[in-house]
Each structure stands twice: as structure tokens, then as C-alpha cells.
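See below for the structure under consideration.
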Amino acid sequence: GNSVTQMEGPVTLSEEAFLTINCTYTATGYPSLFWYVQYPGEGLQLLLKATKADDKGSNKGFEATYRKETTSFHLEKGSVQVSDSAVYFCALTRTYSGAGSYQLTFGKGTKLSVIP
Amino acid sequence: SQTIHQWPATLVQPVGSPLSLECTVEGTSNPNLYWYRQAAGRGLQLLFYSVGIGQISSEVPQNLSASRPQDRQFILSSKKLLLSDSGFYLCAWSVYSDTQYFGPGTRLTVL
């Protein structure tokens with residue numbers, strides 16, 4: 001079945017450093033790929049999404065490219081801020097459950113701490 | 001625009017007590033609804049999903065149950081809580097898409 005492997009954290013960076021969080025996947029077919037972000041004590045927020053090979057999702061300075069040849073969807077940001085401190089989850093579409101409902105598979109999350 | 005609410009935000013319950021968590025969605029019709037649990041160090045676990053009123057699918061056997069009495073209302077229940085039920089419970093919705101949108105969550109501590 002579909003699965004996601006995400007680099008384990010925690011990751012600690014200084015402000016304005018370059019960020020990469022690795023995500024690789026195993027899937028049949030052509031799943032959509034997602035990055036979600038969870039700030040302390042809150043629910044998950046959709047950060048970005050890509051639906052087909054070579055698509056680039058981007059939002060708030062974050063980017064990730066759907067790489068089918070390497071089965072990867074690495075999250076990058078050129079210059080992180082303290083406010084980016086959160087847990088980041090990579091996810092992909094797992095199964096179609098019928099009636100327009102899809103199930104997602106999530107990675108275990110990577111905690112990012114950005115220090116001033 | 002669509003919004004999703006969960007309550008209560010936090011809950012402390014003794015072992016063996018009942019549970020009822022509520023999730024409601026506004027601004028959309030016929031959403032698909034999901035309950036997840038996030039336990040410390042264990043990532044996100046899908047518990048239940050629903051594609052319509054009264055239609056519940058369970059992902060894992062446990063002492064929890066779910067109900068959907070109205071189109072935009074999703075309830076998570078238990079008759080007797082266990083210590084292992086502690087965690088952060090998240091409700092999510094989607095509409096004819098694989099993109100899910102999450103609520104703010106309920107922090108449950110079972111003592």
C-alpha cells in the first residue's frame with residue numbers, strides 16, 4: 001500500500017537558514033502529495049499540494065516538487081523565520097473510499113525549531 | 001468560506017468515564033468527515049470517516065465509536081475511557097477532493 005517516509009527531527013536552524021525536510025513515498029498509481037504544518041497546540045493546516053509529476057507546490061515561501069523518478073517530495077524554504085517553528089507532515093493520497101472521499105497517509109512529522 | 005469547529009478544546013476525564021467530542025463544519029454541504037487521533041510519538045491515526053449522514057467507516061477496532069446525526073456534524077464517543085485513549089483528536093473535512101482541512105483539535109487526558 002501507499003506509504004510515506006519522512007526525515008525524523010527535531011531540526012534546529014538559525015533564523016534565515018535554508019530548510020530542507022526530506023519526504024519519500026511508496027505508491028501505486030498517481031497520488032496527490034501534501035505538506036501540512038501544525039503549530040503548537042493547533043490542528044493541521046494545509047501548506048502546499050502537488051497533484052502530478054513535476055508539479056511544484058508553493059506557499060508562504062515554502063516549495064516542494066513532485067519527483068516521480070525519485071519518489072520524493074522534499075520541502076524547502078530559502079530563509080526560515082522564528083514563526084516557522086512547527087511540526088511539518090508529509091502526506092499522500094492512500095485510497096479512494098467512494099462518494100468522493102479519499103484517505104490520506106501521513107508521515108510521522110518533523111519538528112522544526114528556528115532560533116533567533 | 002468554510003470553517004470547522006471542535007469542542008471542547010481540552011478535556012480531562014477519569015478512566016472508565018464516557019466521552020463525547022463534537023465536530024461541526026460550516027459553509028459547505030455533504031462534506032466527507034474524518035476523525036484522527038494524534039498520540040505522543042505515534043503520528044496521525046485515522047479512526048473513522050463518513051461520506052454521509054449515518055454512514056460511518058471504522059479504520060481500527062477500539063472502544064471508540066462515531067456518529068453523524070446531521071450532514072455537518074460528526075461526533076466521537078466512548079462508553080468507558082481507557083488510559084490509552086489520551087491524545088489530541090482532530091476532525092477534518094473534504095468535499096470531492098483528496099485535500100482535507102482540519103479543525104483546531106481537542107486535547108483529551110485520561111487519568
With springs only between Cα atoms under 10 Å, which of B:52, B:87, B:27 fluctuates most in a Gaussian network model of chain B? B:27
Projecting the Cα atoms of B:58, B:5, B:74 onto the charge dipole of the range B:1-85, where Lys and Arg contribute +1 and Asp and Glu -1 at Cβ, the residue farthest towards the positive end is B:58
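Excluding residue A:32 itself, what net charge comes from residues whose Cβ is under 13 Å from its Cβ, given Lys and Arg +1 and Asp and Glu -1?
Details: positive: A:49, A:52, A:68, A:94; negative: A:55, B:98.
Every neighbour counted, the sum reads +2.
Give the calculated FRET efficiency between residue B:53 and residue A:14 to the nearest 0.05, with a Förster radius of 41 Å applied to their Cβ-Cβ distance. Please list the in-between numbers first.
Working: r = 51 Å, r/R0 = 1.25.
Once the sixth-power term is evaluated, E becomes 0.20.
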Suppose every K and R has +1 on its Cβ and every D and E has -1 on its Cβ; what is the size of the dipole of the protein assembly as shown about the Cα centre, in Debye to the nearest 20? 480
Accessible carbon and sulfur surface of the range A:14-116 relative to its total accessible area, %, 1.4 Å: 49
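Say the cut-off is 30 Å between C-alpha atoms; which of A:49/B:79; A:111/B:80; A:68/A:108 go over it?
Values: A:49/B:79 38 Å; A:111/B:80 33 Å; A:68/A:108 21 Å.
In this structure, A:49/B:79; A:111/B:80 exceed 30 Å between Cα atoms.
Averaged per residue, what accessible surface does chain B expose to a 1.4 Å probe, in Å²?
Details: 5140 Å² over 111 residues.
With all protein chains present, chain B gives 46 Å² per residue.
Semi-axes of the equivalent ellipsoid of chain B: what are they in whole Å, largest first, if each equals the square root of 5 times a C-alpha gyration tensor eigenvalue? Intermediate values should be presented prior to the final figure.
Numbers: eigenvalues 103, 38, 34 Å².
Each semi-axis is √(5λ); the values are 23, 14, 13 Å.
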What one gets for the range A:44-116 as the Kirkwood radius, inverse of mean 1/r over different Cα pairs in Å, is 13.7
Give, as a single signed number, the net charge of other residues whose beta carbon lies under 13 Å from the beta carbon of residue B:63, with Lys and Arg counted +1 and Asp and Glu -1. +2
If I build a Gaussian network model for chain B, linking alpha-carbon pairs within less than 10 angstrom, which residue out of B:86, B:77, B:29 has the largest mean-square fluctuation? B:29
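For B:44-54, what's the mean count of beta carbons from other chains sitting within 10 Å of each residue's beta carbon? Walk me through the intermediate numbers first.
Numbers: counts 11, 1, 5, 0, 0, 4, 3, 5, 2, 0, 0.
Mean shielding count: 3.
In square angstrom and rounded to 100, what buried accessible area do you get between chains B and A, total over both, with the probe at 1.4 Å?
On the way: alone 6000 and 6320 Å², together 10580 Å².
Chain pair B/A: roughly 1700 Å² of buried accessible area.
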Provide the net charge surrounding residue A:93, with neighbours chosen by a C-beta distance below 13 Å and charges set as Lys +1, Arg +1, Asp -1, Glu -1. +2
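The values are calculated or read from the model by the stated rules, or taken from the named source; none is laboratory data. All values derive from a computational prediction rather than experimental measurement. No Cβ is skipped: glycine too gets one built from the backbone with ideal geometry, and neighbour counts run over all protein chains shown. Accessible surface is based on the protein model in full, side chains and every heavy atom, while ligands, DNA and RNA are left aside. Shrake-Rupley method; radii C 1.70, N 1.55, O 1.52, S 1.80 Å.
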